[in-house]
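Please treat every number below as a calculation from the coordinates, not as lab data. Since the structure is predicted, the reported quantities are computational estimates derived from the model, not experimental observations. Glycine gets a Cβ as well: all are built from the backbone with ideal geometry, and neighbour counts include every protein chain shown.
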Amino acid sequence: MALNRNHSQNGGVLINNGESVLRECKNVELSFSDVTSKTDLLRGTKKGTVYLTPYRLVFVSSNAKDSLGSVMFPYYLMKGCSIEQPVFAANYIRGTVSAEAGGGWEGQASFKMSFSSGGAIELGQHLFKLATNASRAPPAQNGGASFGYPSPGVMNGYGPPPVPQNYPYEPPPQQNGFYQAPPGNMGYPYPMAAAGMYPSAPAYMAPPPPYPGPPQNWAAPPAGLSPCLSLYVCIAASV
């Protein structure tokens, strides 16, 4: 938990870069108990607004004169949280939070958030889901002056996957986090045909000689001859 890191001079909330407000609840009363270190900032009951982001819970005081302007609860530093529904009081969320390094205090403390205008159950259920997901992945990147943590991705120490052993080419090194375009000769190598696998073309064969034509002294038979006589005339002419 960090103190006075997430509010502006006009009482607005400061959210780390890369994060967004998922849920907001007003008229929330925040109090601490069992504080292991002595600090006046955590004394008394604070009234303000609670903001839920993917990686933290932020409380901003509505009293501009309060010495505690904001409290930031990173999910990974919270434990033992539960939603309480008393019969004669407003629903509240309670748990234990530890101090963040450089967060303006040391040790740990128990906290209680009472929701006078409702919303404790909805925000609490959303909080538990986000806290579970945040424990499985690095928090979002913080580019501003407020406290934050690096976000997951290739630019945060995660390199490209290894090249398969049977891949013919290795990708060029990254430049500024991006791969360069491949050269023009990095096409897929087509396999060469093995010698002797395909039959050669058949040998050329000349066409057969033409059929013999009629004899040079052959003449058509006279008109009116019978077929047998015509055949006789043709044979006699050829002899």
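So here's what we get for this one:
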read-out: Relative packing of peptides 92-103, 43-54 - highest average C-beta neighbours within 10 Å first; value: 43-54, 92-103
read-out: Label-point separation in nm, residue 10 to residue 133, each point 7 Å along Cα→Cβ; value: 3.1 nm
read-out: Reachable aspartates and glutamates from residue 46, criterion Cα separation under 12 angstrom, eight or more residues apart if same chain; value: 29, 66
read-out: Magnitude of the charge dipole, region 2-134, Cβ model with Lys/Arg +1 and Asp/Glu -1, debye to 20; value: 80 debye
read-out: Inter-label distance, nm, simple model (7 Å from Cα along the C-beta direction), residue 82/residue 106; value: 3.1 nm
read-out: Calculated from backbone phi, Karplus (6.51, -1.76, 1.60) coupling profile of region 38-43 in Hz, x at Gly/Pro; value: 7, 8, 6, 5, 9, 8
read-out: Other-chain or far-sequence residues with amide H under 5 Å of residue 81's (modelled H); value: 96
read-out: Karplus-derived 3J(HN,Hα), 6.51/-1.76/1.60, for each residue of region 44-53, Hz, glycine and proline x; value: x, 9, 9, 10, x, 10, 10, 10, 10, 10
read-out: Order by protection proxy (mean Cβ within 10 Å, highest first), peptides 66-79, 110-123, 9-22; value: 66-79, 110-123, 9-22
